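Report on one structure; see the data block that follows.
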Amino acid sequence: MNRCYSKPLEAKPIHQDTEPVLNDRLGKKVRVMCNEDNTTGDLKKLVVAHTSTRAEKIPIQKWCTIYNNHITLKDYEVHDGMGLELYYN
């Protein structure tokens, strides 16, 4: 007897939601919900809604690496709950 078994299709998530924590070292921590496909510029726009400062004045960095606006969070390997540093210029 020849039986055909079909595997069930695996559901792959289209967008992975992350919630990084941005700390400005002045007592304010901001948690922002975003996708891994968003750019760092998109993340800045979400932070602006919480901090009421201009996006041009906010560099986001981790240790000594300043994140560029056009690169996605997936490329920088930003995951859920990851701490990022928020500075004001």
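The values are calculated or read from the model by the stated rules, or taken from the named source; none is laboratory data. It should be emphasised that the depicted structure is a prediction, and the values quoted were computed from it without experimental measurement. Cβ sites come from the backbone with ideal geometry, for glycine too, and all protein chains shown count toward neighbours.
In table form, for the structure just shown:
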| read-out | value |
| --- | --- |
| Region 34-71, residues that are over 14 Å from Leu84 (Cβ atoms) and hydrophobic (A, V, I, L, M, F, W, C) | Val48, Ala49, Ala55 |
| Strands (runs of 3 or more DSSP E) wholly inside region 14-89 that include at least 1 residues being β-branched (Val, Ile, Thr), surrounded by 15 or more Cβ atoms within 10 Å (Cβ to Cβ) and out of contact with any Pro (no Cβ under 8 Å at 6 or more places or on another chain) | 29-31, 60-62 |
| Unique match (being within 10 Å of the chain's Cα centre (by Cα) and touching a residue at least 24 places away in the same chain (Cβ under 8 Å)) among Asn38, Asn68 | Asn38 |
| So Asp17, is it within 11 Å of the chain's Cα centre (by Cα) and modelled with pLDDT under 85 | yes |
